[in-house]
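To keep things clear, I will list the structure first and then write my remarks on it.
The values are calculated or read from the model by the stated rules, or taken from the named source; none is laboratory data. In this text, all values refer to a predicted model and were calculated from it rather than measured experimentally. Please note: Cβ atoms are built from the backbone with ideal geometry, for glycine as well, and neighbour counts cover all protein chains shown. Heavy atoms of the whole protein, side chains included, go into the accessibility calculation; ligands, DNA and RNA do not. Shrake-Rupley method; radii C 1.70, N 1.55, O 1.52, S 1.80 Å.
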Amino acid sequence: TSVAAIFEEEVLTYKELNERSNQLANYLHSHMVGKGTFVPIIISDSIDYLVSFIGILKTGAACAPLSIDWPIERIESILTELTPVVILFNEQNISIKITLENKYNFKNIKDACLNGDITPLNNTLPHSIMCLFYTSGSTGVPKGVEVYHKGIANRFFWMNDYFSFPTK
């Protein structure tokens with residue numbers, strides 16, 4: 001029962017993190033989310049953010065984090081480009097959902113993890129996109145930058161060698 005994450009008063013063990021992210025992955029998978037799809041998350045800082053990110057990755061899809069502080073027009077422009085099957089949000093961001101729910105399928109992260117299947121999924125491949133980050137772009141139009149699994153893995157291997165982290 002080692003602690004995986006702490007945010008404010010909420011504590012999550014590795015077992016709980018794995019089970020919740022598996023529940024989310026299975027929920028998303030049942031809604032045709034997988035390799036080649038993007039799942040936007042509009043989630044304020046919380047344990048839900050971590051669960052969402054890991055759950056999305058387990059499906060083989062890519063996470064597209066959107067800032068809750070962006071203007072609604074910017075969020076809507078990005079969502080139009082992504083054509084998402086589902087958008088994950090948490091209770092703190094209900095106003096964004098209410099504004100756009102007639103155009104998109106929003107799912108509260110807590111509801112997606114309720115009583116779901118905890119069977120692990122792992123459809124992640126090194127050459128798959130892990131995350132899509134949006135910048136303002138030089139023209140002021142949001143521009144997505146793709147980050148691949150193999151790039152992040154390469155970075156961690158380099159860090160391990162460079163900083164000589166001890167192995168067990």
Completion exercise
Amide H proximity to residue 87 below 5 Å, modelled H, separation 5+ or other chain, gives 105, 106, 107
Handout entry: Inter-label distance for residue 45 and residue 122, nm, one decimal - labels placed 7 Å from Cα along Cα-to-Cβ
Key = 3.2
Handout entry: Per residue value of the accessible surface for region 14-168 (all protein chains in place, 1.4 Å probe), Å²
Key = 56
Practice task
Please list, or write none, the lysines whose alpha carbon is within less than 29 Å of the alpha carbon of residue 143, excluding same-chain residues fewer than 8 places away.
Solution key: 35, 58, 97, 103, 107
Exercise for the section: Just grab the label-to-label distance for residue 105 and residue 16, each label 7 Å out from Cα along the Cβ direction, in nm (one decimal). Expected result: 2.9
Handout entry: Carbon plus sulfur fraction of accessible area for the chain, probe 1.4 Å, in percent
Key = 57
Handout entry: Stretchable slack from residue 159 to residue 94, in nm (0.36 nm times residue separation minus alpha-carbon distance)
Key = 19.5 nm
Exercise for the section: Given the options 45, 69, 117, state which has the largest fluctuation in a GNM of the chain using a 10 Å cut-off (strictly under) for Cα springs. Expected result: 69
Problem - Cβ-based net charge around residue 123, under 12 Å, with every Lys or Arg adding one and every Asp or Glu removing one - result: +2
Practice task
Find the Rg to Rh ratio for the chain, where Rh is the Kirkwood radius over alpha-carbon pairs and Rg uses the same atoms.
Solution key: 0.98
Exercise for the section: Before rounding to the nearest 500, sum -39500 (n - 2.57) across all DSSP H runs of length at least 4 in the chain and divide by the residue total; then give [θ] at 222 nm in deg cm²/dmol. Expected result: -12000 deg cm²/dmol
Practice task
With a Förster radius of 35 Å, plug the Cβ-Cβ distance of residue 6 and residue 83 into 1/(1 + (r/R0)^6) and report the FRET value to the nearest 0.05.
Solution key: 0.45
Fill in the blank from the handout: Heavy-atom accessible area of residue 155, protein chains in place, probe 1.4 angstrom, given in Å² to nearest 10, is 130
Problem - For residue 64, distant residues with modelled amide H under 5 Å away - result: 39, 41, 132
